[in-house]
Amino acid sequence: MHTDWRCTDCGPVPPLHTAGQVGPGIVASATDRIRDTPEPTNGSPMPLWCPWPLPPGWVMTGSVWAGDDRTGVRATAVACSGPAPLGGGPADLVLVAEEPGVGLGTRFAGIAGLDPGALLADVMTDELPGHAEHPPHAKVRADGHPTPLWSVKSPTDRSAYVGEARGRWLYAITWPSSAGYLLAEDVVLHDLTEWLPPELVYGAPSPYLHGLV
């Protein structure tokens, strides 16, 4: 017998809490739960990253968190949708912040295991002519700090970028894969646990957060 939630592939995992709707009350409830997590492992609450300001035409389409009363919040994710940066239809973005060994980011990225460390190490140690180290494939600003991200191998229907912010893994996963060009723009990530912008616009719940695609 086990009291943990269990994945058939990965073993024990923290339970995932996904609201059926999205709106200011739902997001505020999630941020309250995150802030109430006792004794964060690295001294600061788990961030709930969201692009802010949102890119033109984009809306927030959901937020989730993983954890329980015993462990507290160990991972969060925010979904946004909007016009694809290269045209041709809609695009979706999921941002994940998580502690090592949770596996929420790898689930959305469609890669095996609980952490992207091995894939990221392979990418960062690839030899690139004229470079002592492999430069990042994208950069965002998290908490006002330039934050490098590296593209890791994922299914062809999406692109997955991984880096680190506030001592946690940071994933940026986009559908379709070409929507990764969104990260070539000046994307600023804001932690919604610090302030929930009243101007934030919400859309229909993301199917990606609900495992429907």
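Mind telling me which of the residues R74, R70 ends up being of a type in the set (K, R) and assigned to a strand (DSSP E or B)? None of the others qualify; the one that does is R74.
Checking each residue in the stretch 48-63 for being β-branched (V, I, T) and open to solvent by less than 10 Å² (accessible area, probe 1.4 Å) picks out only T61.
In this structure, R6 does not qualify as open to solvent by 30 Å² or more (accessible area, probe 1.4 Å), assigned to a helix (DSSP H, G or I) and at pLDDT below 95.
Of all the criteria given as (1) surrounded by fewer than 22 Cβ atoms within 10 Å (Cβ to Cβ); (2) under 25 Å from H145 (Cα atoms); (3) touching a Ser or Thr at 6+ places or on another chain (Cβ under 7 Å); (4) at pLDDT 90 or above, the one not satisfied by P45 is (4). Residues in the stretch 138-192 that are farther than 17 Å from F108 by Cβ and touching a Phe, Trp or Tyr at 6+ places or on another chain (Cβ under 7 Å) were compared, and the one that is surrounded by the fewest Cβ atoms within 10 Å (Cβ to Cβ) is V188. The number of residues in the stretch 77-104 being in a helix (DSSP H, G or I) and more than 20 Å from G20 (Cα to Cα) comes to 0.
Only a single criterion out of (1) of a type outside the set (S, T, Y); (2) part of a strand (DSSP E or B); (3) under 11 Å from C50 (Cβ atoms); (4) open to solvent by less than 10 Å² (accessible area, probe 1.4 Å) is not satisfied by P197, namely (2).
Checking each residue in the stretch 160-213 for being of a type outside the set (F, W, Y), in contact with a helix residue (DSSP H, G or I) (Cβ under 7 Å, 6 or more places away or on another chain) and within 26 Å of P136 (Cβ to Cβ) picks out A160, V162, A172, I173, T174, L192, T193. Condition test on V13, is it surrounded by 14 or more Cβ atoms within 10 Å (Cβ to Cβ) and at pLDDT below 90? It is true that V13 is surrounded by 14 or more Cβ atoms within 10 Å (Cβ to Cβ) and at pLDDT below 90.
Screening the candidates K139, K153 for the property of being more than 17 Å from W49 (Cβ to Cβ) and over 14 Å from the mean Cα position of the chain (by Cα) yields one hit, K153. For the stretch 64-99: of the residues being without any contact (Cβ under 8 Å) to a residue 60 or more places away in the chain and polar (S, T, N, Q), which is least open to solvent (accessible area, probe 1.4 Å)? Looking at the filtered set, the residue picked out is T76. Within the stretch 186-213, residues that are charged (D, E, K, R) sit with their Cβ atoms under 7 Å from residues that are at pLDDT 95 or above, at 6+ positions apart or across chains, in these pairs: D191/P47; D191/L48; D191/W49.
The values are calculated or read from the model by the stated rules, or taken from the named source; none is laboratory data. Source: prediction; values computed, not measured. Note that each Cβ is placed from the backbone with ideal geometry, even for glycine, and that neighbours are counted across all protein chains shown. These area figures cover heavy atoms from the full protein model, side chains too; ligands, DNA and RNA do not enter into them. Shrake-Rupley method; radii C 1.70, N 1.55, O 1.52, S 1.80 Å.
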